[in-house]
Amino acid sequence: LDPATAPAAVATRVRDTLGPVAATADPRGGVDEPLSQLQPLLALVVVLSVILGAGVSANSIAVSAVERRRDTGLLRVAGASRRQVLGLFASETALIALVGAGFGLVAGVGLAALLVHVAAAPDLPAPALAPGPGQLGTALAAGFGAAFAGASIPALAAARLPALRALRSRPGGERERPLRGSAAAALACWGAAAVLLLVDRAAPVAAGVVLALLGLALLLPIIAPALLRGLAALLSPLLPRAPVAAANLARRRNRSGLVLGVLTISVAAAVALASLTSGAMAAGNEWVGHLFAGDTVLVSPATARDEVAGQISASAGVAVGRLRFLSAPVDGLIVAITAADLEPYVDHGGLDLVEGDRSAALEHTGRAPAVIVPQQLADRYGWHLGHVLRLDPGSGGAAVALTVAGVAAHTFPGGDGRESLIMGHDQAVLALGPVAAGFDDLQVLGGSTRAGDLQTVAGSFGMQATAVADIQDAARRSLDHSLQLLAALGWLGVVVAMLAVINTLVVNARQGTRELALLRAVGLSRRHALRLVLVEAALLGAAGVLVGSLAGCAVALPMLRVSASSGFAPHFDPPLTVIAALTILVVVGAMLAAYLPARRVVGTAIVGAIRYE
């Protein structure tokens, strides 16, 4: 086959040579559509990762500026200008950002190679990993730009700090004020997000989600004191020192708000991805469950004669329904057709219709030249109720007019990314001839035969019995294999956000040395002082998880709406297990991060700590 040969032309040649007995399918035909649905979600993960990188960089430089505050003041007193101080911070930031982006580029290529190996299907060759210079350059520029842009704000603030104020002996006791313009910027982000979230396309909604989370992060330094005090009041029965810890965090509102913003974005991304995953799993499970009328399917390795269905029914004492899969030209398109016994669907459910009366459609399709089309093809080709399709049986046979009796939410897959048309089995034989006779699968509709006996009867005819529940599990595993990769990226973002938490808690512990020493001087024990610092860490982590979980559930709703397609409507299911796991990870991680510096601080002699400050 020449590379320029069209798949449709190949399918036509095959059918002209072999007739309708050959079912043609392009394995690449259904690749672009699911990938196009995943691309906005992947772009969302990338953008949120860039924002997280900017937030962690901003927090790190802010921590460094606080630690070197007196050094900066001495430089200013010695004659250094604001521009020189800013250049010093900018040079350090650029060097760190460049090194970090370089390591990130190497790690990203390695991670991509690992994901290609893990996600490759066993029956298909692994896709080649060949990132171009443009892609690598874009990734490097994005990582460097995010780190440098995030760090430039605290660097500029450090350079603009007056020299005398920088030389004050106790900067840790100052009460911070919110940054100017943060409320206006947050409202602007939310206004733009409200417009984008109303669009019914995935890309604008993903951009709206990013703006909504960014607006929330900008607003957190303003609402952080009230949020922390309210959460502390709720936890005070369990943690009596929570109000004191909240007051300490509220005094450093900008630093606490920045950490809460980074945590909120990362937790929201993880929760939203978990919601999308669980919703897709439930929708896929419902999809498969509604395809079959029975609870067991007998799979034949080759097309079997109709007489075999009767023998199996008599031997096993069960009712069966035939399924025959083939393809034929319909309105000039090679499409898959499933010839099925439709009577079982009348009594046992399945084949949910979104257009037309279900009972009438099943009866008409089983007794007349008619078809039930999937909503996927109905939307793509305009085939709706009452539409007349032209079926070409081939081999010189006369064309058959098929009436669309109904539109189903989903039908059986056709092997090329599209779903199949449903015809009555006997009507398919009349239209397509002997090629439609027999069956490929049998649906077991009921009876008292045990599963072992049914497997034995099926094995005697060279067939295998498969429970519909097992098919659902296989579909769930296939979907989970891909979606869990996105969930892993969300969890990775939470781990990255914990770096900002660690930085902040370490600096808070150092700057709180004198305050803890004064409390110990009036009777607070070292154990209680240590508990106070740990409660502060737990409160900061719990607040980030709380806001992030609520934000993640909120942004998951529009993302679920735009991810829905023809007959595929994932439902919102709050990922309570994921939220609980995130709470444990963040809160316990924050307490562990604060333990060592807090123990060092509370172990300092009271007189020495006060004198040092």
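What FRET efficiency, computed as 1/(1 + (r/R0)^6) with R0 = 41 Å and r the Cβ-Cβ distance, is obtained for Ala368 and Thr456, rounded to the nearest 0.05? Don't skip to the end; give the middle numbers.
On the way: r = 39 Å, r/R0 = 0.95.
Result of the calculation: an efficiency of 0.55.
Excluding ligands, DNA and RNA, what is the solvent-accessible area per residue of the chain at a probe of 1.4 Å, expressed in Å²?
48
Hydropathy first: keep DSSP H helices in the chain averaging at least 1.6 on Kyte-Doolittle, then drop any whose Cα extent along the axis falls short of 18 Å, and list what survives.
Span-like helices in the chain: 182-197, 202-235, 576-602.
Over region 304-425, with every protein chain in place, what whole percent of the accessible area is carbon and sulfur at 1.4 Å, could you tell me? Let's see the in-between values first.
On the way: 2340 of 4690 Å².
Percent of accessible area from carbon and sulfur atoms in region 304-425: 50.
Taking R0 as 51 Å, what FRET efficiency do you get between Arg165 and Val195 from their Cβ-Cβ distance, rounded to the nearest 0.05?
Efficiency at R0 = 51 Å is approximately 0.75.
If you roll a 1.4 angstrom probe over the protein chains with everything in place, what fraction of the accessible area of region 177-262 belongs to carbon and sulfur, to the nearest %?
73
Please compute one quarter of the surface area of the Cα convex hull for the chain and express it in square nanometres.
About 34.7 nm², averaged over all directions.
For Ile51, Ile584, write out the residues from largest to smallest accessible area, computed with a 1.4 angstrom probe and no ligands counted.
Per-residue accessible area, sorted high to low, gives Ile584, Ile51.
Using the crude model of +1 on Lys and Arg Cβ and -1 on Asp and Glu Cβ, and no other charge, please compute the dipole size for region 338-419 relative to its Cα centre, in debye to 20. All intermediate terms of the calculation are to be shown ahead of the outcome.
Values: 5 positive and 11 negative charges, 56 e Å.
That gives a dipole near 280 debye.
Pull up all non-local amide H partners of Val354: gap of 5 or more, or a different chain, and H-to-H distance under 5 Å with H placed in the peptide plane.
Amide H to amide H, under 5 Å and 5 or more residues apart or across chains, Val354 pairs with Val407, Ala408, Ala409.
Go through 147-154, 428-435 and give me the packing order, highest mean Cβ count within 10 Å leading.
Ranked from most to least packed, the peptides come out as 147-154, 428-435.
Sort 264-272, 453-461, 208-216, 492-500 by the packing proxy (mean of other Cβ within 10 Å over each peptide's residues), most packed first. Could you put the intermediate results ahead of the total?
Details: 264-272: 29.7, 453-461: 16.8, 208-216: 23.6, 492-500: 20.8.
Highest to lowest by the protection proxy: 264-272, 208-216, 492-500, 453-461.
Is the shape of region 179-236 best called rounded, prolate or oblate, per the rule: a/c under 1.5 gives rounded, else a/b larger than b/c gives prolate, else oblate, with a ≥ b ≥ c the square roots of the Cα gyration tensor eigenvalues?
oblate
Between His571 and Ser236, what length comes free when the chain is fully extended (0.36 nm per residue of separation minus the Cα-Cα distance, one decimal in nm)?
Fully extending the segment from His571 to Ser236 adds 117.0 nm.
First select every other residue whose beta carbon is under 9 angstrom from the beta carbon of Leu445; then total the charges, Lys and Arg +1, Asp and Glu -1.
-2
Among Leu263, Ala467, Val507, which residue has its Cα furthest toward the positive end of the charge dipole of the chain, with +1 on Lys/Arg Cβ and -1 on Asp/Glu Cβ?
Val507
With +1 on each Lys and Arg Cβ and -1 on each Asp and Glu Cβ, how big is the dipole of the chain about its Cα centre, in debye rounded to the nearest 20?
Roughly 5620 debye, rounded to the nearest 20.
Fully extended, how many nm does the chain gain between Val354 and Ala247 (0.36 nm per residue separation, minus their Cα-Cα distance)?
32.8 nm
The values are calculated or read from the model by the stated rules, or taken from the named source; none is laboratory data. Since this is a predicted model, take the numbers as computed values, not measurements. Neighbour counts run over all protein chains shown; Cβ positions are idealised from the backbone, glycine included. The protein model used for the area step is the full one, side chains on, heavy atoms only, and it has no ligands, DNA or RNA in it. Shrake-Rupley method; radii C 1.70, N 1.55, O 1.52, S 1.80 Å.
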